[in-house]
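Presented below is the structure to which this report refers.
The values are calculated or read from the model by the stated rules, or taken from the named source; none is laboratory data. It should be emphasised that the depicted structure is a prediction, and the values quoted were computed from it without experimental measurement. FYI the Cβ positions are ideal-geometry reconstructions off the backbone, even for glycines, and counts take in every protein chain you see. Please note that ligands, DNA and RNA were not included when accessible areas were found on the heavy atoms of the full protein model with its side chains. Shrake-Rupley method; radii C 1.70, N 1.55, O 1.52, S 1.80 Å.
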Amino acid sequence: MKSPCKFSYKEIWIISYPILLSLIMEQLIGMTDTAFLGRVGEVELGASALAGVYYMAIYMIAFGFSLGAQIIIGRRNGERQYDKIGPVFYQGTYFLLLLAVVMFLLSRYFSPWILGNIIDSRYVYEATLSYINWRVFGFFFSFIAVMFRAFFVGTTQTKTLTMNSIVMVLSNVVFNYILIFGKLGFPALGIAGAAIGSSLSELVSVIFFIVYMHCRIDIRKYGLNRIGAFSSRLLKRILNVSLWTMIQNFVSMSTWFLFFLAVEHLGERPLAITNIIRNVSAIPFMIVLTFASTCSTLVSNLIGGGDSRYVWGTIKQTIRMAYFFTLPFIVIFVCFPSVILRIYTDSPELINASVPALWVLCSSYIFMVPGGVLFQAVSGTGNTRTALLLELATLTIYVIYVVYMIFYLRIDVAWCWTTEHVYGGCIMVLSYIYLKKGKWQGRKI
């Protein structure tokens, strides 16, 4: 029986494409760092991978909180209780500012000890710490920015994200060029310059959001004109949804860090290859994440509007669209790998060594596309605790696979990327089972 649909493909695309552009633009920050540092050296290239994922593991705690807030904002938007969105936004911002202070202090004091005990190469350790020491200043800006993102995605006003991301990426390119290579009278800071440039670009992003919201958004309609005092009661309600996405995102990114750490134990060359492949795969991954995020928002809005019967139809539409936009990039990567890899490094040896890993990674999107959409649909129902359990079950299998295949068997770096097949396949199956069998239609948040 065909599932009923409420949204047309065009309507889904109108919501999705600004998210896609914004995510690609945001990913260009990491790609810019890699492209610049690939001209500095393999140690810096590999270290930026470890440092970037280390930073992202902490950042994803804040991002996970914002996803929970986004689900609540989407539900209130679907219920047309617009004036209740502002208080959610402000309470979330208060919480994330406090979290930024805590994570900044913990990172500054404990990062040297943590990294020193898990990284084999002294040169990679020193470069990684140099990056982290400056990058953590970005917490104060990126943690605030995710709440703006939650507001614009939850209210389906996603075009703003595109404009913001363009401004942020252009800023990052300029800052990186000046600070990494020492232009316009500044000293050449290398990998530290990449970290400073990324943090400054996040500051520019927050300034843009603040100015745009005050100039273009009806702040009275959304209750944004009243900056209320801290409310532990409202924050508790947000955390009832967000806590599970916070844990889920942190654990997920921590296992991703484990993957890079495992590869680092294979040598500096495999780590450099892995960083390149991570960045090349970013565009198809961002496409999957875009449609998954869109599906989560639409599911939340549908349930809020009493239209749960349209959920499965929306999920299937979104998966088809994700495949449609992902496959062309996969075909290009498979057919012209050297051309793509040359963007990130000018070393022929490194390019040739990276091709097999790229091919293996591309094949994983058979599972990653439906897995990503189905999983975010689970979160969109508001049952984020179940989403966490599904993620933990998947990551347990993932970690066992990583430890056995990389630490124990010490397989070639190309085969290391079969970990993505394991993750995508497991999360796809578990999420499908829950959405088919679980009780989520009438859940209140």
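Considering PHE140, PHE104, PHE95, which residue is part of a helix (DSSP H, G or I), at pLDDT 90 or above and open to solvent by 50 Å² or more (accessible area, probe 1.4 Å)?
Values: PHE104 fails: open to solvent by 50 Å² or more (accessible area, probe 1.4 Å); PHE95 fails: open to solvent by 50 Å² or more (accessible area, probe 1.4 Å).
Every option except PHE140 fails the conditions.
Listed here are the residues, each with its yes/no results for (1) under 17 Å from SER8 (Cα atoms); (2) open to solvent by less than 10 Å² (accessible area, probe 1.4 Å).
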residue	(1), (2)
ALA282	no, yes
ILE303	no, no
ASP307	yes, no
THR326	no, yes
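Return a yes/no flag: does the stretch 372-386 have any residue that is modelled with pLDDT of 85 or more and surrounded by fewer than 22 Cβ atoms within 10 Å (Cβ to Cβ).
Residues of the stretch 372-386 modelled with pLDDT of 85 or more: 372-378, 386.
Okay, now just the ones that are also surrounded by fewer than 22 Cβ atoms within 10 Å (Cβ to Cβ), so 386.
Checked against the condition, which is being modelled with pLDDT of 85 or more and surrounded by fewer than 22 Cβ atoms within 10 Å (Cβ to Cβ), the stretch 372-386 yields at least one hit.
Can you find, within the stretch 34-56, the residue that is modelled with the highest pLDDT among those that are open to solvent by 10 Å² or more (accessible area, probe 1.4 Å) and aliphatic (A, V, I, L, M)?
Per the stated criteria, the residue is MET56.
If only one of THR156, THR162 is surrounded by fewer than 21 Cβ atoms within 10 Å (Cβ to Cβ), hydroxyl-bearing (Ser, Thr, Tyr) and outside any helix (DSSP H, G or I), which one is it? Give the steps one after another, and end with the answer.
Details: THR162 fails: outside any helix (DSSP H, G or I).
Testing whether each residue is surrounded by fewer than 21 Cβ atoms within 10 Å (Cβ to Cβ), hydroxyl-bearing (Ser, Thr, Tyr) and outside any helix (DSSP H, G or I) leaves just THR156.
Among the helices (runs of 4 or more DSSP H) contained in the stretch 249-358, which hold 2 or more residues that are within 30 Å of ALA69 (Cβ to Cβ)?
Values: elements: 268-280, 282-304, 311-335, 337-341.
Passing ranges, in order: 268-280, 282-304, 311-335.
Which pairs have Cβ atoms under 8 Å, sit 6 or more apart or on different chains, and link a residue in the stretch 109-122 that is assigned to a loop (DSSP other than H, G, I, E, B) to one that is at pLDDT 80 or above?
Close Cβ pairs satisfying both conditions: ILE119/TYR125; ILE119/THR128.
PRO4 - would you say it is at pLDDT below 80, in a helix (DSSP H, G or I) and touching a Lys or Arg at 6+ places or on another chain (Cβ under 7 Å)? Don't jump to the end; show me each part of the working.
Details: at pLDDT below 80: yes; in a helix (DSSP H, G or I): no; touching a Lys or Arg at 6+ places or on another chain (Cβ under 7 Å): yes.
No.
One residue is enough: does the stretch 213-228 have a residue meeting the conditions in contact with a Lys or Arg (Cβ under 9 Å, 6 or more places away or on another chain), in a helix (DSSP H, G or I) and either open to solvent by less than 50 Å² (accessible area, probe 1.4 Å) or within 17 Å of GLN70 (Cβ to Cβ) (or both)?
Checking the stretch 213-228: not a single residue is in contact with a Lys or Arg (Cβ under 9 Å, 6 or more places away or on another chain), in a helix (DSSP H, G or I) and either open to solvent by less than 50 Å² (accessible area, probe 1.4 Å) or within 17 Å of GLN70 (Cβ to Cβ) (or both).
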